[in-house]
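Worksheet for the structure shown next.
The values are calculated or read from the model by the stated rules, or taken from the named source; none is laboratory data. Keep in mind it's a predicted model, so treat the numbers as computed, not measured. Here the Cβ is made from the backbone with ideal geometry for all residues, glycine too, and neighbour counts use every protein chain on show. With ligands, DNA and RNA removed, areas are computed over all heavy atoms of the protein, side chains included. Shrake-Rupley method; radii C 1.70, N 1.55, O 1.52, S 1.80 Å.
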Amino acid sequence: MYAKVTQLRDKGRRRREQEIVADAGNRGRLQAFIVEGYPVMHFFEWGSQAVGSADLLFPLYQPQIIGLRDRAMMVRGWQRDSFDAENAATTLQEWAVEILNETPPVTDAPLHGPKLTA
């Protein structure tokens with residue numbers, strides 16, 4: 001689903017309300033999976049699902065919806081500060097997730113497979 005996500009914590013500490021309001025957040029594709037028995041929420045660049053997309057934020061592990069605020073869901077979970085699982089620090093993170101009903105950017109790229117030209 002197309003969403004806007006704003007991180008509410010920085011290295012585990014809650015950001016000030018002024019910082020959160022001033023943050024425009026990131027827009028992209030939100031997906032949740034079960035990995036080895038644990039839920040994981042990913043936030044990707046918008047694009048074709050057939051092609052791997054870059055993460056806009058580090059994944060949120062064991063996410064839980066903890067509340068609603070204005071138009072956003074508040075989701076809390078654990079976030080690593082890098083993709084190196086052995087050396088990454090894991091901290092508590094909260095996301096404000098606003099589901100967007102606008103259409104994501106349109107591209108000329110095909111949804112699946114290579115683009116065929118005649």
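Size descriptors for region 1-100, from the alpha-carbon set: Rg then Dmax equal 13.3, 39 Å. Here the extension length gained between Met1 and Ile66 equals 21.5 nm, from 0.36 nm per residue of separation less the Cα-Cα distance.
Under 5 Å from the amide H of Arg9 lie the amide H atoms of Arg15, Glu94, each residue being 5 or more positions distant or on a separate chain, with H modelled from the backbone and absent for Pro and chain starts.
Roll a 1.4 Å probe over the protein chains and send me the accessible area per residue for region 1-74 in Å².
Working: 4970 Å² over 74 residues.
The answer is 67 Å² per residue.
Of the chymotrypsin sites (Phe, Trp or Tyr not before Pro) found in region 17-104, those in coil by DSSP whose Cβ has at most 10 other Cβ atoms within 10 Å are Phe83. Ordered from highest to lowest accessible area with the whole protein assembly present and a 1.4 Å probe, Glu102, Glu94, Glu86 read as Glu86, Glu102, Glu94. Taking only protein heavy atoms and a 1.4 Å probe, the accessible area of region 1-104 is 49% carbon and sulfur.
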